[in-house]
Amino acid sequence: MNPTKTKAWTKIQQHFNKIENKHITNYFNQDRLQNFSFDFNSIYFDFSKHRLDEKILELFSELAKEMQLESKMKQLFSGNIINHTEQRAVLHTALRQQDDTPIFVNKKNIIPEIRNTYKRLENFSDKIISGNWKGHTGKKITDVVNIGIGGSDLGPKMMVQALSDYKNHLNIHYLSNIDPFGLDKIIKNINMETTLFLVVSKSFSTQETLTNAKSIQALYIDKFGKESIAKHFATISTQVTKAQDFGISPENIFPMWDWVGGRYSLWSPAGISIMLAVGIENFNKMLSGAANMDLHFKQTDFNKNIPAVSAFISILYNNFYEFETETCIPYAEKLQYLPDFLQQLMMESNGKTVDNESNKIDYQTGDIIWGNVGTNAQHSFFQLLHQGSKIVPVCFMAEKANNSTKHTENHLILLSNMIAQAEALMQGEQNANPYKNFEGNRPSSTILLDKITPETMGTLVAYYEHKTFVEGIIWNINSFDQFGVELGKKLANKVLNELQGKESNTHDFSTDKLISLIKK
């Protein structure tokens, strides 16, 4: 159904009209933190600095019930076909399930297959980490290059950077862009005799991934012969025959299931670079942390459900306040790739204009999310956050303790900046000089991790996944397809043929001019 036609939406609009111009500071009383903050799995979520009251949350809970969120949650976890446009189940949560409760897809229990696959992954990782895996010339592996793009790159890269305190001796690299600059840089910085390449492509035909993989394959064949490929390449793909034709040994081909979307694939074999970077035990702790958030999401009332409350807040800003974007500011260099990861998770999931009944939507969907690390961000775009004409809700994030450094004073300065920025955005400061006046009333969340660990990172990513899911249900859209990425790729193949002189097509004047300039 159209959410804007529900009874709860009308009630939210009526109550919103009463509170729209109320200042955040006027909401603060002794119950504010109790009602708008949550302490879960060593992470503190503070939603108190937002332009809303308890009544709004109650009404959004009513809206969630009208939009059948509870039954959709059950379908998500049970293996029902909820990605209806592609006729697929959505079961990334099954990959981190901690018990063996059966989950059926097409009448087949998938849990035994998951368990067997992870045993294979663990054996594979153990051979590489221990040094028992030898390259073509008999040397141990020192470097691992993950070749993938989108979900096959962003999630694993983000997680490996976040868990840098837990890294072992292996050097992990990521190659995604088809720009040869990245390829050339990696080739310069590795020893071909001691490097393993992971080709992550469900179809084993993703243009960027296969182009990069074939470029590296050619170097190995030229230097060591085709038999060297089996010692230096593994893949995560459904296309076993294509991978074998490439030269990859069957025991080094791992599955990608169609019930795991790309942006959720860090939990799957596509996240093997995480396991190689931090070890099997820490990878399993990451899964456990995510499973804890899964249980919270399934078992908690909507008005105390952390992902649901966060989703309600974003929808309030998107559809009622009509704020255009939101920003994620991690005050932790280890989380520098988190905004990039969230862009794919949230914008690819919910950037839709057609609802679940194929109707054109007449209301706003999708979060536009962007960001950078603090305190760097303070010296670039915070001017707009504090005094700009656009209001941008902020999510601040940091770890309370950083035991990996001796420079504890630096860490305290970092945290003091984060806390002060959130306070300044909310409080503002009145000044007779209009250029120095701060209106305040600018909303923010703060997510404070006791420490960045495999468990807390698993919990954090699962929180964002479920938040995105709730938004999609309330907006009545399919959060799990991504047809919007396909048209440009299809047209790119036509343009490439023209640049290579294989065919000739007529485009608009601008496109024809660009093609002619490059062909010269």
Out of T511, T456, I need the residue that is within 19 Å of L342 (Cβ to Cβ), assigned to a helix (DSSP H, G or I) and either hydroxyl-bearing (S, T, Y) or under 34 Å from the mean Cα position of the chain (by Cα) (or both). Which one?
T456
Could you grab the pairs with beta carbons closer than 7 Å, sequence gap of 6+ or different chains, first residue in the range 465-477 and under 16 Å from I12 (Cβ atoms), second one of a type in the set (S, T, N, Q) and modelled with pLDDT of 95 or more?
E471/S314; E471/N350; W475/N350; W475/T365; N476/N2; N476/N356
Just one listed residue, out of I236, I221, is surrounded by fewer than 23 Cβ atoms within 10 Å (Cβ to Cβ) and at pLDDT 95 or above, and it is I221
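Run down D362, D367 and say which single residue is modelled with pLDDT under 95 and of a type outside the set (F, W, Y).
Testing whether each residue is modelled with pLDDT under 95 and of a type outside the set (F, W, Y) leaves just D367.
Got at least one residue in the range 455-466 being in the same structural domain as L384 (by TED's automatic domain parsing) and among the charged types (D, E, K, R)? Break it down into steps so the answer makes sense when it comes.
First pass over the range 455-466, keeping only residues in the same structural domain as L384 (by TED's automatic domain parsing): 455-466.
Checking which are among the charged types (D, E, K, R) leaves us with 455, 465.
Yes, the range 455-466 contains at least one residue that is in the same structural domain as L384 (by TED's automatic domain parsing) and among the charged types (D, E, K, R).
Go through the range 114-134 and report how many residues are of a type in the set (D, E, K, R), surrounded by fewer than 14 Cβ atoms within 10 Å (Cβ to Cβ), more than 25 Å from the chain's Cα centre (by Cα) and farther than 18 Å from N171 by Cβ. Steps first, please.
Residues of the range 114-134 of a type in the set (D, E, K, R): 115, 119-120, 122, 126-127, 134.
Within this subset, residues satisfying the condition of being surrounded by fewer than 14 Cβ atoms within 10 Å (Cβ to Cβ) are 115, 119, 127.
Among the residues that remain, those that are also more than 25 Å from the chain's Cα centre (by Cα) are: 119, 127.
If we keep only those that are farther than 18 Å from N171 by Cβ too, we end up with 119.
The total comes to 1.
Specify the residue that is surrounded by the most Cβ atoms within 10 Å (Cβ to Cβ); the eligible residues are those in the range 382-434 that are of a type in the set (G, A, S) and more than 26 Å from the chain's Cα centre (by Cα). Outline the logic, then answer.
Of the range 382-434, the ones of a type in the set (G, A, S) are 388-389, 398, 401, 404, 416, 420, 422, 424, 428, 432.
From the residues that got through so far, the ones that are more than 26 Å from the chain's Cα centre (by Cα) too are 388-389, 416, 420, 424, 428, 432.
Numbers: G388: 12, S389: 5, S416: 11, A420: 11, A424: 17, G428: 19, A432: 6.
For the range 382-434, the residue satisfying everything is G428.
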Can you find a residue in the range 18-34 that is modelled with pLDDT of 95 or more, in the same structural domain as F297 (by TED's automatic domain parsing) and closer than 16 Å to I306 by Cα?
no
Is the range 253-261 home to any residue that is under 25 Å from T194 (Cα atoms), of a type outside the set (D, E) and assigned to a helix (DSSP H, G or I)?
no
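Does E498 count as part of a helix (DSSP H, G or I), in contact with a helix residue (DSSP H, G or I) (Cβ under 9 Å, 6 or more places away or on another chain) and in contact (Cβ under 8 Å) with a residue 40 or more places away in the chain? Show your work before the answer.
Working: part of a helix (DSSP H, G or I): yes; in contact with a helix residue (DSSP H, G or I) (Cβ under 9 Å, 6 or more places away or on another chain): yes; in contact (Cβ under 8 Å) with a residue 40 or more places away in the chain: no.
Answer is no for this residue.
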What number of residues within the range 106-126 satisfy the criterion of being out of contact with any helix residue (DSSP H, G or I) (no Cβ under 9 Å at 6 or more places or on another chain), more than 18 Å from V278 (Cβ to Cβ), among the polar types (S, T, N, Q) and modelled with pLDDT of 95 or more?
2
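When you scan the range 140-252 for helices (runs of 4 or more DSSP H) that lie fully inside it, which ones turn up with 2 or more residues that are under 28 Å from the mean Cα position of the chain (by Cα)?
Values: elements: 154-162, 180-189, 207-224, 229-232, 240-246.
Correct list: 154-162, 180-189, 207-224, 240-246.
From S71, S61, S78, which residue is assigned by TED's automatic domain parsing to the domain that holds A290, out of contact with any Pro (no Cβ under 6 Å at 6 or more places or on another chain), buried (at least 16 other Cβ atoms within 10 Å of the Cβ) and small (G, A, S)? Before you say what the answer is, go through the steps one by one.
Numbers: S71 fails: buried (at least 16 other Cβ atoms within 10 Å of the Cβ); S78 fails: buried (at least 16 other Cβ atoms within 10 Å of the Cβ).
Just one listed residue meets the conditions, S61.
Just checking, which of G131, G138 is without any contact (Cβ under 8 Å) to a residue 24 or more places away in the chain, touching a strand residue (DSSP E or B) at 6+ places or on another chain (Cβ under 7 Å), in the same structural domain as Y220 (by TED's automatic domain parsing) and small (G, A, S)?
Being without any contact (Cβ under 8 Å) to a residue 24 or more places away in the chain, touching a strand residue (DSSP E or B) at 6+ places or on another chain (Cβ under 7 Å), in the same structural domain as Y220 (by TED's automatic domain parsing) and small (G, A, S) holds for just one of G131, G138, which is G131.
Quick one: in the range 271-312, of everything that is assigned to a helix (DSSP H, G or I) and of a type in the set (D, E), which residue is farthest from the chain's Cα centre (by Cα)?
It comes out as E281.
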Could you tell me which residue of the range 1-31 is nearest to G440 (Cα to Cα), considering only residues that are touching a residue at least 60 places away in the same chain (Cβ under 8 Å) and crowded, with 19+ Cβ neighbours inside 10 Å?
I24
Report, ordered by the first and then the second residue, all pairs with beta carbons closer than 8 Å, sequence separation of six or more or different chains, a first member in the range 32-51 that is at positive phi and aliphatic (A, V, I, L, M), and a second member that is in a strand (DSSP E or B) and modelled with pLDDT of 95 or more.
none
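The values are calculated or read from the model by the stated rules, or taken from the named source; none is laboratory data. What you are looking at is a predicted structure, and each value in this text was computed from that prediction instead of being measured. Because the Cβ atoms are built from the backbone with ideal geometry, glycine has one as well, and the counts that use them run over all protein chains shown.
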